[in-house]
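Inspection log for the structure reproduced underneath, given as structure tokens.
The values are calculated or read from the model by the stated rules, or taken from the named source; none is laboratory data. Source: prediction; values computed, not measured. No Cβ is skipped: glycine too gets one built from the backbone with ideal geometry, and neighbour counts run over all protein chains shown. To get the accessible areas, we keep the full protein, side chains included, count just its heavy atoms, and leave off ligands, DNA and RNA. Shrake-Rupley method; radii C 1.70, N 1.55, O 1.52, S 1.80 Å.
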Amino acid sequence: MVDANLREPPSLSRIASVFGLPVEEFSNEFRLETGMTFSQYTTERRMKRAMMMLESGAIPLKQVAFEVGYSHTSNFCTAFKRHFGSTPKDVRGLQVS
């Protein structure tokens, strides 16, 4: 559900209701299964998708940001750098050889 909707991922409460579980119980089970919080998981999936898109080199940065749920490129770049330790521009620069 998260991967299919990275622009607007479903909330923790929405997914919990799909499984018929209280939010806290779902959250605890999710963390036990994945080793991360739902928020961390969502960010991880967004960043992985962004990395794949950036490595292709064909998609404009603004579109990459939008596709993974960021309405402002600057917020996306900050999150990307926090996650990977390098900027989207750095990643694109590695592709130019």
Unmet requirement for PHE76, which otherwise passes all of (1) open to solvent by 50 Å² or more (accessible area, probe 1.4 Å); (2) under 23 Å from GLU8 (Cβ atoms); (3) in a helix (DSSP H, G or I): (1)
Close pairs (7 angstrom Cβ cut-off, 6 or more residues apart or separate chains): of a type in the set (D, E, K, R) in region 72-86, modelled with pLDDT under 95 and surrounded by fewer than 16 Cβ atoms within 10 Å (Cβ to Cβ) anywhere: LYS81/THR87
Criterion (modelled with pLDDT under 95, open to solvent by less than 80 Å² (accessible area, probe 1.4 Å), out of contact with any strand residue (DSSP E or B) (no Cβ under 8 Å at 6 or more places or on another chain) and farther than 19 Å from PHE80 by Cβ) met by exactly one of SER27, SER11: SER11
Residues of region 56-73 that turn out to be within 23 Å of PRO10 (Cα to Cα) and part of a helix (DSSP H, G or I), as a count: 7
Single unsatisfied condition, LEU6 versus (1) in contact (Cβ under 8 Å) with a residue 24 or more places away in the chain; (2) open to solvent by 60 Å² or more (accessible area, probe 1.4 Å); (3) of a type outside the set (Val, Ile, Thr): (2)
Any chance THR42 is of a type in the set (Val, Ile, Thr) and exposed (fewer than 14 other Cβ atoms within 10 Å of the Cβ): no
